[in-house]
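*Asks:* First, the structure itself, so that you have it in front of you.
The values are calculated or read from the model by the stated rules, or taken from the named source; none is laboratory data. For clarity, every value in this text was computed on a predicted model and none was experimentally measured. Every residue, glycine among them, receives a Cβ derived from its backbone with ideal geometry; neighbour counts consider all protein chains shown. Each accessible area value is taken on the protein alone, full model and side chains, heavy atoms only, with ligands, DNA and RNA left out. Shrake-Rupley method; radii C 1.70, N 1.55, O 1.52, S 1.80 Å.
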Amino acid sequence: MNETCYVTSLKYSPVMWTCGRGFGEPIRAAGHPVRYLLASEYEWLSGDSGLGTDVLPVPESPNPLSVLLRFLRSGGLARTREVFRENPPGVLLFVNLNPLIDRIVIRIARKAKPRVRVVSYLHEPRTTDKRVYGWRRAVLLWFFEMFAFSMARASDAIVLPSQQAGEVYERFYGKLGKPYRVVSLPFMDGRCNESLERRYTTFVGHIGNAHQKGIDLFIEMIEESFDRPGEHSFQLVTGEDPRDLLGALSERARGRLRVVHEVPLGDAEISRAIRESVAVVLLQRRVMQSGVLPVALMNGTPVLVSDLAGFTQYIEDGKTGRVVPVEASLDQRFDAIEDIRRDLEAMAAECRRVYEETFDSRKVGPNVAWILGHDPAGNAQG
């Protein structure tokens, strides 16, 4: 029997359960044993999935040293050895890096199977403009990049989410000489199939790093919507505590905002909220990729995006949404929403087509042999 491919995410991010299955299930469909090696925070997602999962005691914390110490004190080493003893590893595919813990897992795996293949999915090889995050987060990003470079060095192959990421990788990691492929974020098809009226202009996702995310531009739209013709309804979809954000709104603006907030917030709730939207708003001031964008396209929902390569490599202005300048004026933002509303039926169909041709997990299929190390070809597009 083939040795196991472990799809591994030891840094908690709910969307990575979806992305991980987007890699793992095509590998399983190709006839290779797959298990999911996950941080304990994923249990609410993976517990009733019916898939083979192994959980390690990796806590959720912004402090990597604290995570490492708690992992060691919680018997993480023994648990990892037990996992690999029960199902010997042939491939470790890391879909979301936790470099301190990941390197420990690699060492244990290589003791169990010296020739185990290590493949790392680098979502963002390098953050080219850290200032937009503020200096504290910029310092943390700099340290993370050092760890990510070390992780890339320890890997046998690299997967990247976009051609833009590939160009950045070539600039800063090319000297490592590691083979790589570009595979857009793969998502299992979990669209909402309910017939729902599209009503909302919607922000989805994390509300920390508000300046980078452009949340202030979304809030401004709510406040200013009273001076615009027509009916305007807004929606905030987040798993984070929205109280501070809501406190920044006037009372009448809060009356125009529907909040979808649960802890934890499941994929079905997110897809349903997006299916009720005229448009999803992604007005970031800096971006390499977006996990929200594929889910919007999956649900046939156009996207209003900033003119940044991380978006425009997928969003065609007037076809799958509208592209506006970074720091777009209120007129530009509201006019873009009205353009989407007028062409919503055609845009919705095109959004779904782009999802199927770019982000559907079935697109991983042609890359399975390469991921597993069965394809000798080097760099190639996914």
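*Asks:* With an 8 Å Cα cut-off and a minimum separation of 6 or more residues, compute the relative contact order for region 188-287 in percent. Mind showing how you got there, number by number?
*Replies:* On the way: 139 pairs, mean separation 47.7, N = 100.
Answer for region 188-287 is 48 percent.
*Asks:* Can you give the Rg to Rh ratio of region 68-118, both from alpha-carbon atoms, with Rh computed by the Kirkwood formula? Before the final figure, lay out each step's value.
*Replies:* Values: Rg = 10.7 Å, Rh = 11.2 Å.
In region 68-118, Rg relative to Rh is 0.95.
*Asks:* Also: Compute a Gaussian network model of the chain, connecting alpha carbons closer than 10 Å, and tell me which residue from 122, 245, 257 fluctuates the most.
*Replies:* 245
*Asks:* What is the ratio of the Cα radius of gyration of region 225-288 to 2.2 N^0.38 Å, with N the residue count, to two decimals?
*Replies:* Normalised by 2.2 N^0.38 Å, the Cα Rg of region 225-288 equals 1.23.
*Asks:* For residue 319, list the lysines whose Cα falls under 25 Å from its own Cα; do not include residues on the same chain fewer than 8 positions away.
*Replies:* 213, 363
*Asks:* When 1/r is averaged over all different Cα pairs and the result inverted, which Kirkwood radius in Å belongs to the chain?
*Replies:* One decimal place: 21.7 Å for the Kirkwood radius.
*Asks:* What does the accessible area of residue 285 come to, in Å² to the nearest 10, when a probe of 1.4 Å is used?
*Replies:* Only protein atoms counted, so the area is about 30 Å².
*Asks:* While we're looking at this one, here's another question. Nearest 0.05, what FRET efficiency do residue 374 and residue 329 give at R0 = 35 Å with Cβ-Cβ as r?
*Replies:* On the way: r = 53 Å, r/R0 = 1.51.
Between residue 374 and residue 329 the formula returns 0.10.
*Asks:* ³J(HN,Hα) across region 293-307 via Karplus (A = 6.51, B = -1.76, C = 1.60, θ = phi - 60°), whole Hz, x for Gly/Pro?
*Replies:* 4, x, 5, 4, 4, 4, 8, x, 10, x, 10, 9, 10, 6, 6
*Asks:* While we're on this one: Using alpha carbons only, how many degrees (0 to 90, rounded to 10) separate the axis of helix 64-73 from the longest principal axis of the chain?
*Replies:* Tilt relative to the chain: about 50 degrees.
*Asks:* Sticking with this one: Using a cut-off of 10 Å between beta-carbons, work out the net charge of the residues near residue 263 (Lys and Arg +1, Asp and Glu -1, residue 263 not included). Mind dumping the intermediate values first?
*Replies:* Numbers: positive: none; negative: 240, 241, 262.
Every neighbour counted, the sum reads -3.
*Asks:* Taking springs between alpha-carbon atoms closer than 10 angstrom, which of 345, 25, 124 fluctuates most in the Gaussian network model of the chain?
*Replies:* In the Gaussian network model the winner is 345.
*Asks:* Could you give the size of the charge dipole of region 158-198 about its Cα centre, using +1 on the Cβ of each K and R and -1 on the Cβ of each D and E, expressed in debye and rounded to the nearest 20?
*Replies:* Magnitude of the dipole: close to 320 debye.
*Asks:* If you don't mind, there's one more thing I want to ask. Please identify the GluC sites (Glu not before Pro) of region 140-203 that satisfy two criteria: DSSP loop assignment and at most 12 other Cβ atoms within 10 Å. Which are they?
*Replies:* Working: sites: 145, 167, 170, 194, 197; in loops: 194, 197.
When the GluC sites (Glu not before Pro) of region 140-203 are filtered for loop state and at most 12 Cβ neighbours within 10 Å, 194, 197 remain.
*Asks:* Okay, moving on. Taking the Cβ-Cβ separation of residue 77 and residue 209 as r and a Förster radius of 30 Å, what is the calculated FRET efficiency to the nearest 0.05?
*Replies:* On the way: r = 33 Å, r/R0 = 1.11.
Here the calculated transfer efficiency is 0.35.
*Asks:* Any aspartates and glutamates with Cα under 18 Å of the residue 175 Cα? List them, leaving off those in the same chain fewer than 8 positions away.
*Replies:* Cross-link targets: 124, 145, 156, 167.
*Asks:* Grab the alpha carbons of region 210-347, take their convex hull, and tell me the volume per residue in Å³.
*Replies:* Details: hull volume 14.4 nm³, N = 138.
So the per-residue hull volume is 104 Å³.
*Asks:* Using a 1.4 Å probe on the protein chains only, how many percent of the accessible area of the chain belongs to carbon and sulfur?
*Replies:* Numbers: 8260 of 16900 Å².
Answer for the chain is 49 percent, counting heavy atoms of protein chains only.
*Asks:* Stretched out fully, how many nm does the piece from residue 241 to residue 48 gain, at 0.36 nm a residue minus the Cα gap?
*Replies:* Values: separation 193, 0.36 × 193 = 69.48 nm, distance 2.60 nm.
That pair, residue 241 and residue 48, stretches by 66.9 nm at full extension.
*Asks:* Quick one: grab Rg to one decimal and Dmax as a whole number for region 210-250, Cα atoms only, in Å.
*Replies:* For region 210-250, the Cα radius of gyration and maximum Cα-Cα distance read 11.1, 32 Å.
*Asks:* Taking R0 as 51 Å, what FRET efficiency do you get between residue 233 and residue 170 from their Cβ-Cβ distance, rounded to the nearest 0.05? Could the numbers behind the result be given before it?
*Replies:* Working: r = 44 Å, r/R0 = 0.87.
Working from the Cβ atoms, E equals 0.70.
*Asks:* Placing unit charges on C-beta atoms (Lys and Arg positive, Asp and Glu negative, everything else neutral), compute the dipole magnitude of the chain about its Cα centre in debye, rounded to 20.
*Replies:* Numbers: 49 positive and 48 negative charges, 383 e Å.
That gives the chain a dipole magnitude of about 1840 debye.
*Asks:* Just to check I understand the Karplus step: with θ = phi - 60° and J = 6.51 cos²θ - 1.76 cosθ + 1.60, what whole-Hz values come out for region 116-122, glycine and proline as x?
*Replies:* Using θ = phi - 60°, the values come out as 4, 8, 10, 10, 10, 8, 8 Hz.
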